[in-house]
Amino acid sequence: MDMGRRIRFTAVLVTVVFALTGFSSSGGSSSGGSSGKSKSKSSSGGGCSSSKSKKKTHTGGSGSSATPSPSSTAPPAHAVVVTCAGTGKTEATLKVTSDVGAARTVRIPVVFEDAQRGTLDSGSVRVELKARETKTVTVPMTLPGKAAEVKNCTVGRIEKAY
């Protein structure tokens, strides 16, 4: 391998390592709708989107961006509803896990739904997460008087808090 190829290979390898350790938020996986596959080798931020992945899923969002950037395609964390609001309970309990290799503060939105999946209320919480850390958090309802009508809690798109 000639010197020029060796340098390019090292640069690509460093970029991949940075992307996988959280310097770019392209990667990670969580539940939700699926997105398209990118076959482009152009650099759009992290420059290492995986075109070999068969299925990539994300929480919330439209997933129809023509030119997705790494920071807008993959959330920095994912959350699972442990308990939902309902009669006598005015908050949702979530298990939140960081999907990046760096500390981040994230905003986690939750929608409180009725039996027909209609929105009754919503709430959100800001959480500080270390790299790959998992925390249990609660998200209170803003309209606690509607708690008895809540049948389902849905986590929205988790985003980096500014």
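The values are calculated or read from the model by the stated rules, or taken from the named source; none is laboratory data. Please read these numbers as outputs of a predicted model, since none were measured by experiment. Note that each Cβ is placed from the backbone with ideal geometry, even for glycine, and that neighbours are counted across all protein chains shown. Note: areas computed on protein heavy atoms with side chains; ligands, DNA, RNA excluded. Shrake-Rupley method; radii C 1.70, N 1.55, O 1.52, S 1.80 Å.
Protection proxy ranking, highest mean first, for peptides 124-137, 80-93: 80-93, 124-137, where packing is the per-residue count of other beta-carbon atoms within 10 Å, averaged. Phi-derived couplings, Karplus 6.51 cos²θ - 1.76 cosθ + 1.60 at θ = phi - 60°, listed residue by residue for segment 103-114: 5, 8, 9, 10, 10, 10, x, 10, 10, 9, 10, 8 Hz, with x used for Gly and Pro.
Annotation: amide H-H contacts under 5 Å for GLU159 (H modelled 1.01 Å from N, sequence separation of 5 or more, or interchain): ARG107. The packing ranking, built from the mean of other Cβ atoms within 10 Å per residue, places the peptides 109-119, 152-162 in the order 152-162, 109-119, highest first. Note on segment 78-162: with neighbouring protein chains present and a 1.4 Å probe, carbon and sulfur make up 50 percent of its accessible heavy-atom surface. Note on LYS146 and LYS95: the extension gain reaches 16.0 nm, defined as 0.36 nm multiplied by sequence separation minus the Cα-Cα distance.
With a cut-off of 13 Å between beta carbons, the residues surrounding CYS153 carry a summed charge of 0, where Lys and Arg count +1 and Asp and Glu -1. Could you tally the net charge around THR138, taking each other residue with its Cβ under 13 Å from the Cβ of THR138, Lys/Arg +1 and Asp/Glu -1? Around THR138, the surrounding residues sum to +3. The magnitude of the dipole of segment 92-162, with charges of +1 and -1 set on the Cβ of Lys/Arg and Asp/Glu and taken from the Cα centre, is near 280 debye.
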